[in-house]
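Chemist: Sharing a structure, written as structure tokens. Questions coming.
Just so it is clear, none of the values below were taken in a lab; they were calculated from the coordinates. Keep in mind that what you see is a predicted model, and the values were worked out from it rather than measured. Here the Cβ is made from the backbone with ideal geometry for all residues, glycine too, and neighbour counts use every protein chain on show.
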Amino acid sequence: MPFQSKLNVYRRSLDGSEVINSALKTFSHSPKSINVKFSLEVPSDLVVEGDPLELELVFINLFRNASDAMKEQQEKRIVVTAEKRGGDKVACI
């Protein structure tokens, strides 16, 4: 039995902006967020499909990875953009 089939996944329509902001709020309590400036360019009407907890964890992990990649830089800035492209939703960190 595959690992994923054992998880309780609650897939539903979500406000993409809310998911990203929630992940950012959680990440902001992490030591990796110190001295990191964020810029969000996410449309307020972006609807995504997925499990809210899983999506939040994905964004937190992306924020951590971006922070780690900049650890030697004086100025740390993470820009998050999201948009609709055809039938897809695309987020860039």
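Chemist: State all residues of region 20-36 that are of a type in the set (Val, Ile, Thr) and assigned to a loop (DSSP other than H, G, I, E, B); if no residue qualifies, say none. It would help to see each step written out before you state the result.
Modeler: In the first step, residues of region 20-36 are kept if they are of a type in the set (Val, Ile, Thr); the result is 20, 26, 34, 36.
Scanning region 20-36 gives a single hit, 34.
Chemist: Here's something else I'd like to know. Please go through region 77-93 and give me each residue that is in contact with a helix residue (DSSP H, G or I) (Cβ under 7 Å, 6 or more places away or on another chain) and either surrounded by fewer than 18 Cβ atoms within 10 Å (Cβ to Cβ) or not small (Gly, Ala, Ser) (or both), ordered by number.
Modeler: Scanning region 77-93 gives 78, 80, 89, 93.
Chemist: I would also like to ask the following. Only one residue in 17, 39 is among the polar types (S, T, N, Q), in contact (Cβ under 8 Å) with a residue 24 or more places away in the chain and assigned to a strand (DSSP E or B). Which one? Before you say what the answer is, go through the steps one by one.
Modeler: Values: 17 fails: assigned to a strand (DSSP E or B).
Every option except 39 fails the conditions.
Chemist: I'd like to know if region 76-88 contains one or more residues that are assigned to a helix (DSSP H, G or I) and over 12 Å from the mean Cα position of the chain (by Cα). Lay out the reasoning, then the answer.
Modeler: As a first pass, look at region 76-88 and keep what is assigned to a helix (DSSP H, G or I): none.
Checking region 76-88: not a single residue is assigned to a helix (DSSP H, G or I) and over 12 Å from the mean Cα position of the chain (by Cα).
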